[in-house]
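This report refers to the structure that appears directly beneath it.
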């Protein structure tokens, strides 16, 4: 079985992510955490060692009570909308049929995977072969596995 992350221990994992985070994020920066913060309640507070004014968009693995997260975040949401940029941020990608009003969905959840262009209705009525599938440009997964375990500047994503 392949290793999901390049560290031997959770402590090495946490220290590397905190170091990456604090090298890029200033204390006054707003940071959106798009879910799956941690798998163990005792690790929730680790986020307090990270710079920035943090907002949590709860993910499917964020199973603890709100009171466990509130001391460490300015706000906790199901999703965040940035109308000026026709952008929605979520943990799980928005369904393609609901993307009509949004140009971009910045999301987590998929780890090393990407949302693919829906091939069921392209070029007539047939399915595209696997080798012709491609990532859907309306989606940007910011799971740590896709960002070299570093935070990503939202304006860089918007300007891509």
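Treat the count of other C-beta atoms within 10 Å as a stand-in for reagent exposure and order 15, 137 from fewest to most.
137, 15
Please state the shape class of the chain: rounded when a/c is under 1.5, otherwise prolate if a/b exceeds b/c and oblate if not, all from the C-alpha gyration tensor.
prolate
What length, rounded to one decimal in nm, is gained on full extension from residue 156 through to residue 8, with 0.36 nm per residue of separation minus their alpha-carbon distance?
Taking 0.36 nm per residue and subtracting the Cα distance, the gain is 50.1 nm.
At 222 nm, what helix-only mean residue ellipticity would the chain give, in deg cm²/dmol to the nearest 500, using -39500 (n - 2.57) for each DSSP H run of four or more?
So the helix-based figure for the chain works out to -4000 deg cm²/dmol.
Given axes a ≥ b ≥ c from the Cα gyration tensor, I'd like to know whether segment 25-82 is rounded (a/c under 1.5), prolate (a/b larger than b/c) or oblate.
Because a/c hits 1.5 or more and a/b fails to exceed b/c, segment 25-82 counts as oblate.
On a 0 to 90° scale, report how tilted helix 10-24 is relative to the longest principal axis of the chain, with both axes built from alpha carbons and the result rounded to the nearest 10.
Approximately 80 degrees, to the nearest 10.
Cut-off is 10 Å between beta-carbons; in what order do 89, 39 appear when sorted fewest neighbours first?
In order of increasing Cβ crowding within 10 Å: 39, 89.
Quick one: order 53, 58, 67 by neighbouring beta-carbon count within 10 Å, fewest to most.
The order, fewest Cβ neighbours first, is 67, 53, 58.
A short reminder: the numbers here are calculations on the coordinates, not readings from a lab. Please read all numbers here as calculations on a predicted model, not as lab measurements. All Cβ positions, even for glycine, are placed from backbone atoms using ideal geometry, and neighbour counts span all protein chains on display.
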